[in-house]
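Participant: Take a look at the following structure, please.
The values are calculated or read from the model by the stated rules, or taken from the named source; none is laboratory data. What you are looking at is a predicted structure, and each value in this text was computed from that prediction instead of being measured. Reconstructed Cβ throughout: ideal geometry from the backbone, glycine too, with neighbour counts over all protein chains shown. Only protein heavy atoms, including side chains, enter the accessible area calculation; ligands, DNA and RNA are left aside. Shrake-Rupley method; radii C 1.70, N 1.55, O 1.52, S 1.80 Å.
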Amino acid sequence: MNSMYSKEVMDLFKCPKNLGEMKNPDAVGEVGNPQCGDIMRIYLRINKDNNKIEDIKFQTMGCIAAISTSSMVTELAKGKTLEQAKKITNKDVAESLKGLPPIKMHCSNLAADALKKPIESYENKKEVK
């Protein structure tokens, strides 16, 4: 039944890493895709001294690919600086999952965008202070 998905996609769908809400995050970002109805929210806890992502969580309402790409993007970003995390692309997400079906590639775009949202929000808040 799930032959269109790689083992990596299915593993992260069945046992997503970093799933859940974060209490008192430093930043939250949310993106949605009106075509498929997927919604991703990413929470960040950032070390103020070195600008590294200390903790990251996600909540996603969506399909197998949406949940797997959300989980993968959090794994790719954890421990990285904000600058490094901003460079994570949809291609990085898809390749880390050993590919996605073409019809589901928009999910990896959504995950990469979802990661950029809280980073932008955090950086904009810092500039204001």
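Participant: In whole Å, how far is the Cα centre of the stretch 18-53 from that of the stretch 60-129?
Facilitator: The stretch 18-53 and the stretch 60-129 have Cα centres separated by 9 Å.
Participant: Something else now. When only DSSP loop residues count, what trypsin sites (Lys or Arg not before Pro) in the stretch 1-41 have their Cβ near at most 12 other Cβ atoms within 10 Å? Please list the in-between numbers first.
Facilitator: On the way: sites: 7, 14, 17, 23, 41; in loops: 17, 23.
Counting only loop positions with at most 12 other Cβ atoms within 10 Å, the trypsin sites (Lys or Arg not before Pro) in the stretch 1-41 are 23.
Participant: Here is a further query. Relative to the present Cα-Cα distance, how much length would full extension add between residue 63 and residue 125 at 0.36 nm per residue of separation? Provide the component values of the computation, followed by the final result.
Facilitator: Details: separation 62, 0.36 × 62 = 22.32 nm, distance 3.21 nm.
Full extension of this stretch gives 19.1 nm more.
Participant: Same structure, new question: Tell me, what % of the accessible area of the chain is carbon and sulfur with a 1.4 angstrom probe?
Facilitator: Numbers: 3660 of 6940 Å².
The nonpolar share, carbon plus sulfur, comes to 53 percent.
Participant: Taking amide H positions as placed in the peptide plane 1.01 Å from N, state which residues far from residue 38 in sequence (5 or more) or on other chains have amide H under 5 Å from it.
Facilitator: Correct list: 33.
Participant: If you stretched the chain out fully between residue 81 and residue 4, how much longer would it get, using 0.36 nm times the residue separation minus the C-alpha to C-alpha distance? Intermediate results must be reported in sequence, preceding the final value.
Facilitator: Numbers: separation 77, 0.36 × 77 = 27.72 nm, distance 3.36 nm.
Full extension from residue 81 to residue 4 adds 24.4 nm.
Participant: Hey, another quick one. May I ask you to rank 121, 6 by accessible area, largest first, using a 1.4 Å probe over the protein chains only? Write down the numbers at each step before the final one.
Facilitator: Details: 121 45, 6 20 Å².
Sorted by accessible area, descending: 121, 6.
Participant: What GluC sites (Glu not before Pro) does the stretch 1-67 have in DSSP loop regions with at most 12 other beta carbons within 10 Å?
Facilitator: Values: sites: 8, 21, 30, 54; in loops: 21.
Hits after loop and neighbour filter: 21.
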